[in-house]
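Reading through the structure tokens given below for one structure.
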Amino acid sequence: MAMGSASCISLVVLVALATAATGQLSSTFYDTSCPRALATIKSGVAAAVSSDPRMGASLLRLHFHDCFVQGCDASVLLSGMEQNAGPNVGSLRGFGVIDSIKTQLESICKQTVSCADILTVAAATPSSPLKGRHGLVPLGRRDSTTASAALANSDLPGPGSSRSQLEAAFLKKNLNTVDMVALSGAHTIGKAQCSNFRTRIYGGATNINTAFATSLKANCPQSGGNGNLANLDTTTPNTFDNAYYTNLLSQKGLLHSDQVLFNNDTTDNTVRNFASNAAAFSSAFTTAMIKMGNIAPLTGTQGQIRLSCSKVNS
Ligand code: HEM
């Protein structure tokens, strides 16, 4: 199929990122040790998403919550521990999908494919701009033997964060402000619970569209209904597009931490750019996802390849 020059350039940039910036990670890591690894992960995710359309979003979030705590080392998959931290408890989804893909992989390539890599590839499929570009995602991460609820609490940004708090949290992971705005565009899919946006819709926020706030109140009462869900992108909730940013332009960001990206401040121009230029968003998102996937990986003989993603090897 013919490819536009913009895609060609972004592919060149991606290959450069995939090879140069990642040290020992490599996009061909499993080509000889487990040639069916990527196809197995892809088909496992596709099956899960076809029975639960929200699962693509949940797996993407799981990868983010893995990478921001100790690096992309599958620490979030270990039972208990990080899973009990404030930003995770009662809200992360997708553990069973990763476990069942791992079981399949163990039957074809014993103790070869790490849980951290399964999560990385699963996050790139099937709805994000990384779809179809698995061949470019650097692999070779190994799994941690530890997890830290304390680090999850300190390093994962919360929905009430200010723009400068978000910037600091991303900078701590070597992700710049444009990366932060682009990665927040993941909120073009998936859902949030009432407890995470109640303060924004009832708390007298001045940067919220009034009709939008009123419509959300119907399913998010002032008390009770904590787990009631709303789409993070109320315009096109099931499509990975740039509507997240056009929503922000009309003060229809669901979370406080979404709307602070467009609030008469330094990130406004990036939001305007992504709102008007879908290709610019797609390319920045892909670049930032690869950077996020490169946060402090365990490689070589560090860590282990878990046999089961939810527990360390005995
Ligand atoms: C900028 C800081 C961020 C904050 C404060 C934040 C916060 C949140 C919150 C509170 C939820 C709803 C959880 C719930 O109610 O159960 C959520 C959902 C989600 N987040 Fe974020 N997030 C941020 C960045 C990111 C990033 C970087 C990604 C991925 C690249 C991401 C992907 C998602 C996805 C896909 C969902 C929906 C999950 C689902 O439907 O299961 N978020 N986020």
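Conditions (1) buried (at least 16 other Cβ atoms within 10 Å of the Cβ); (2) away from the ligand (no atom under 16 Å from the Cβ), marked per residue:
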{"site": "108", "(1), (2)": "no, yes"}
{"site": "111", "(1), (2)": "no, yes"}
{"site": "120", "(1), (2)": "yes, no"}
{"site": "129", "(1), (2)": "yes, no"}
{"site": "173", "(1), (2)": "yes, no"}
{"site": "182", "(1), (2)": "yes, no"}
{"site": "185", "(1), (2)": "yes, no"}
{"site": "201", "(1), (2)": "yes, no"}
{"site": "212", "(1), (2)": "yes, yes"}
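Quick check on residue 248: is it of a type in the set (A, V, I, L, M), crowded, with 18+ Cβ neighbours inside 10 Å and assigned to a helix (DSSP H, G or I)?
Here the answer is yes, as residue 248 does meet what is asked.
Here is a check on your reading of the model: is residue 231 crowded, with 16+ Cβ neighbours inside 10 Å and touching a Pro at 6+ places or on another chain (Cβ under 7 Å)?
yes
Given the options 186, 192, name the one that is aliphatic (A, V, I, L, M), within 17 Å of residue 87 (Cα to Cα) and in a helix (DSSP H, G or I).
Matching residue, one of 186, 192: 186.
Here are some residues: 269, 207. Which one is part of a loop (DSSP other than H, G, I, E, B) and out of contact with any strand residue (DSSP E or B) (no Cβ under 7 Å at 6 or more places or on another chain)?
Within the list 269, 207, the selection yields 207.
So, residue 97, is that one within 12 Å of the ligand (Cβ to nearest atom), touching a helix residue (DSSP H, G or I) at 6+ places or on another chain (Cβ under 7 Å) and either under 27 Å from residue 302 (Cα atoms) or part of a loop (DSSP other than H, G, I, E, B) (or both) or not?
Numbers: within 12 Å of the ligand (Cβ to nearest atom): yes; touching a helix residue (DSSP H, G or I) at 6+ places or on another chain (Cβ under 7 Å): yes; either under 27 Å from residue 302 (Cα atoms) or part of a loop (DSSP other than H, G, I, E, B) (or both): yes.
Answer is yes for this residue.
Coordinate-derived values only; no laboratory data. A quick note: this is a predicted structure, and the numbers were derived from the prediction, not measured. Cβ sites come from the backbone with ideal geometry, for glycine too, and all protein chains shown count toward neighbours.
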